[in-house]
Structures are given as C-alpha cells and as structure tokens.
Amino acid sequence: MNPRSIQFRLVAWYTGLLTGIFVLLFALLFLSLRIFLENDLRETQIRRTHQTANTLLAHVKEMGEPYVASQTKAWYAPEINDRFIRITCADGTLLYASQTPNDGSFNPAEVPTLSPEAASKISRKLKLSNGKTMLVAALNFKTSDNSTYVIEFGELLDPVEAMLRHLFLRLAEGLPLAVVIIAVGGYWLVRRALTPVAQITRAAERITQHNLAERLPVSRTGDELERLSISLNRMIARLDDAFQNSKRFVADASHELRTPLTILRGELEILAENKNLAAPLREQAGSMLEEVARLSKIVEQLFALSRLDAGEAQTEWKKFDLAELAQTTAEHMNLLAEDKKISIACETSQAVFIEGDRARLKQVVVNLLDNAIKYTPANGKIQLRVRAENSRAILEVADNGIGILADALPHVFERFYRVDQMRSADSGSAGLGLSIVKSICTAHGAEVEAESDIGNGSCFRIKFPLPKN
Ligand code: ADP
C-alpha cells in the first residue's frame, strides 16, 4: 500500500486516534477503579472503628476491658481474615492487639502506634517492610466517663492490587486485538468511501482529445465526490466545446483558404509564363508560385487533418488488398525515386486483406514513401513490405537514409514537428505528413511504430487489425 495515499493516511490517523482514545479511557478506568476500591476499603475500616467504639467500647465500664477484647476478636476474627486491629488506652497500654494473620502476610508490630491526638479520624497508607501496603483507619474515642481509646482497623491493599493487575493484563491483552479490528474496519470503510475515486480516476485516464464526449461516472450519493464528478464533467464539457471550436476553426480556415490560394496559384502561373514580362519579374512570379504551392500543400494537409479529426475516414469503408495497394503506390512513386536514383523494392508475397478507406490508406503509403525518398541520399534503397503476422496486417517502409535522432523519434508524429527545421523547410515540408499518417491509422484502429538508426536509415511500421471473418 502506498504510504502517501489518502487511504493509507486516513486509516493510519483513524487507527492511531482511536488507539490513543482507548488507551486514555483504559487509564482513566484503571485510575478511577483504584480510587473507588481504595475508598471502599477505607470506608469499611472507618465503619468498623465506629462499630467497635459504639457497640463495645461505649460499654467498657459495664462489660470490662477483657470482654471487649474477646468480643472484638470473636466478631472480626482478624487472624483468619488477615486483618489488623488494635485498641490502645490513653496511657498507651494495649486493650487488644491482633496477632500475625494465619497466612503471615504482615507483622502487626510494624504498624506504628498513634497518640490519641493524632488518631482523630485519620486513615493512613503504610508501606510495610515486605513491600506490601496497608490501609489503616484510626478513631480517637472518648467514653462517657472520659476514658480515651485509639481504635485502629487495617487491611492490606493486596486484593485491590491483585484485581487491578488482573484488569490491566486483560486490557493489555485486548488492546492489540482492538487495534487490529480498528485498522481492518477503518481500511474497509475508507476503501468503500474511496471506491468512486478509483472509478473516476480510471474513467479520467481513458478520456483523451479523441473521446471528449465521454463523461466520468457520477455516484448519486449526494456527497463531495458526487459534486466533484459533476464539476469535472462540466469542465470536460467545456473543454470539449473549446476543442470542437478550435477544430471547426482549423477546418473552416483551411477550407476558406483553398479557393483564394488556387486562384492565386493560377494567376501566378500565368504571370510566370507570360513572355511579355521582363525576365526578373517572371522569376519573381516563379518563386512566389513555389511559396504559394507550399502554402497550398500545408492548407490541404490541415484540411485533411481536420476532416480526419471529424471522423471522416470511416465514410468510405470497404475490404481491399493492402499488398496490392502498396504495389501500385510504389509504382506511382517510382518516378520520384528514380529522379534521386533511389530504388523502391516492394516485398509482398500474398494478398493481405484489410478493411478501411482505401484512398486514405494510399495517402499513408504515399506520405511514408515520400519521406523515405526525401530523407534518403541518392543511390539509396527503400523497402516496402506487406505481410500478415499474428492476426495483424503489417506494412513496413524501410530506408537506408539519414535516420532520425533518438531524442526526436518520439515526436515525429506530432503536428508541425520537423527534426531539422532548416532541412525540412528547404524541402517544402511543414511537419504534417506523419501526423496525417498517424490520424488515418488511428481511425483504422492501427498502431504506428518508428525505428531509426541515425546515419543508417529508418523503418516505419503500421499494424492493422485483420477483418473479423
Ligand atoms: P515533413 O513533412 O517535414 O517531412 P513529417 O511529419 O512527414 O514532416 O515528418 C516529420 C519529421 O520526421 C521530418 O521533419 C523528418 O525530419 C523526419 N522524418 C520523417 N520520415 C523520415 C525518414 N524516413 N527518414 C528520416 N527522417 C524522417
């Protein structure tokens, strides 16, 4: 899982926060339970001092001290119940003192005696030499005949400590399980909540300039993600509009420019051939004619691209033999190649049928051969190959010309891209030939690849899907 993803961070925060809250609650529970249990024990000890004072010591005169001592022992059985009891007279003599308890858990002699003044309603926590803690409540009691006694009741905090230890262990054992449940639950919740984000991302990845009519999925949940996808869809619609407008503009502009350019060309041709004009003027007209011809070619190419963008390549769809198309086109282009003493070898062994717009695919072969002739020096070789391979029809145009730099190769199909601006400008090219090839191939569901080795030549490969039957 990516630690920088929202999903991971949300789960981490959620788990961390809930674990923190749990630990805090456990600590609070632990502390309040300790306070409650200690208070409860303290109350019990205090209640017992009062009980002894009011029921026994209040009548000490009538019953006698030995009776009080024996009754105290009988009622509370301190040795059996691990309790500490001590009744001290005002002069410091002991009326009663419990013995070491049966389990030997503490030594009663370790509990320091209290003066009657210090004993008024106090409760102490004593640390004994064996490490145990005892809670001792004391009461300074005055009988009706003004005799003073200090009554002390004590008990070890052991059971309280044991219970708290047990609780702590259980909580410490349960906490990791709780953390796992929180993390798994959090992951599930966040994953569910972010599923529409993954769907939107996938759909957004699919949308390109060719399918701007597609929209992102909108989950009708009424939440922020629904609002986000609606906003993004509106943005895509606006982009689509802008894109269509610009495409329309290029199409309209190139269409509008064609007629005046044709007229201009005709007029310049007449001027260039007009013998009545002075030679320099005719020459000027001739070079203007070349520029206008170049301009006309660019306008024609732009017009062709805009029609391809509008999806017009699909109108003349039929099945035809690609090998035969390559053969005839190579024959047509041979004249051009011969001028440069370049040979075109067409290697097609059998018919390879594909479906598409034959005229436009002829344009593809013409553009590729034209480039191969343009960028191959005299006496070069061009190979045009057509074959069927792995349920694909493959068309290859390979030359042993100047080649293309590796940095430039990925860009050659971009509009108006020329590897060497000066060289291409001289040859009258505008960098649209391969864009047209790419657009026509995309419209035919074909892939175009280019390989090149600078100084050794280039190879352009087109893979067409074969017809279904
Ligand atoms: P252009 O009309 O300028 O030839 P293209 O779109 O046909 O434009 O080609 C783009 C660029 O790719 C060209 O400027 C050229 O430098 C390079 N290129 C195309 N085909 C070849 C080739 N067969 N050999 C070398 N370079 C080529």
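The values are calculated or read from the model by the stated rules, or taken from the named source; none is laboratory data. All of these numbers come straight from a predicted model, not from anything done at the bench. Cβ sites come from the backbone with ideal geometry, for glycine too, and all protein chains shown count toward neighbours. Quick note on the areas: whole protein, heavy atoms, side chains included, nothing else; ligands and nucleic acids left out. Shrake-Rupley method; radii C 1.70, N 1.55, O 1.52, S 1.80 Å.
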Inter-part gap, Cα centre of region 250-280 to Cα centre of region 118-171, in whole angstrom, is 118
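Which of the peptides 195-208, 274-287 is most tightly packed, and how do the rest follow, judged by the mean count of other Cβ atoms within 10 Å per residue?
Numbers: 195-208: 13.3, 274-287: 11.5.
Ranking, from highest mean packing down: 195-208, 274-287.
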Quick one: give the max-minus-min coordinate of the C-alpha atoms of region 1-150 along each principal axis, largest first, in Å.
85, 31, 25
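Looking at region 320-381, which trypsin sites (Lys or Arg not before Pro) are in a loop (DSSP not H, G, I, E or B) and have at most 14 other Cβ atoms within 10 Å?
For trypsin sites (Lys or Arg not before Pro) across region 320-381 that sit outside H, G, I, E and B with at most 14 neighbouring Cβ atoms in 10 Å, the list reads K340, K341.
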Give me the Å³ per residue figure for the convex hull around the C-alpha atoms of region 224-304.
79
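To the nearest 500 deg cm²/dmol, what mean residue ellipticity at 222 nm is calculated for the chain from DSSP H runs of n ≥ 4 alone, each contributing -39,500 (n - 2.57), summed and divided by the residues? Intermediate results must be reported in sequence, preceding the final value.
Values: 10 runs with 248 residues, N = 469.
Computed ellipticity for the chain at 222 nm equals -18500 deg cm²/dmol.
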For 442-449, 131-138, ranked highest to lowest by mean beta-carbon neighbours within 10 Å, the order is 131-138, 442-449
How big is the chain by Rg and Dmax over its Cα atoms, in Å?
50.8, 163
List, in order, the whole-Hz ³J(HN,Hα) value for each residue of region 338-346 obtained from phi through the Karplus relation with A = 6.51, B = -1.76, C = 1.60 and θ = phi - 60°; use x for Gly and Pro.
4, 4, 9, 6, 9, 9, 10, 9, 9
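Can you pull out the GluC sites (Glu not before Pro) in region 55-164 whose DSSP state is coil and whose Cβ has at most 10 other Cβ atoms within 10 Å?
E117
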With every protein chain present, what is the per residue accessible area of the chain (1.4 Å probe, Å²)?
58
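Over region 326-464, what lengths in whole Å, largest first, do the semi-axes of the equivalent ellipsoid take, defined as the square roots of 5 times the eigenvalues of the alpha-carbon gyration tensor?
For region 326-464, the semi-axes come out at 22, 18, 14 Å.
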Contour excess over end-to-end distance, with Cα ends at A253 and L336 and 0.36 nm allotted per residue:
26.8 nm
In whole angstrom, how far apart do the alpha carbon centroids of region 73-109 and region 17-60 sit?
22
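Averaging over every viewing direction, what projected area does the convex hull of the Cα atoms of region 160-278 cover, in nm²?
Dividing the Cα hull surface by four gives the mean projection, 15.6 nm².
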Expected field for T93, accessible surface area in Å² at 1.4 Å probe radius, rounded to 10, holds 70
Can you pull out the trypsin sites (Lys or Arg not before Pro) in region 50-121 that DSSP calls coil and that have at most 12 other Cβ atoms within 10 Å?
K121
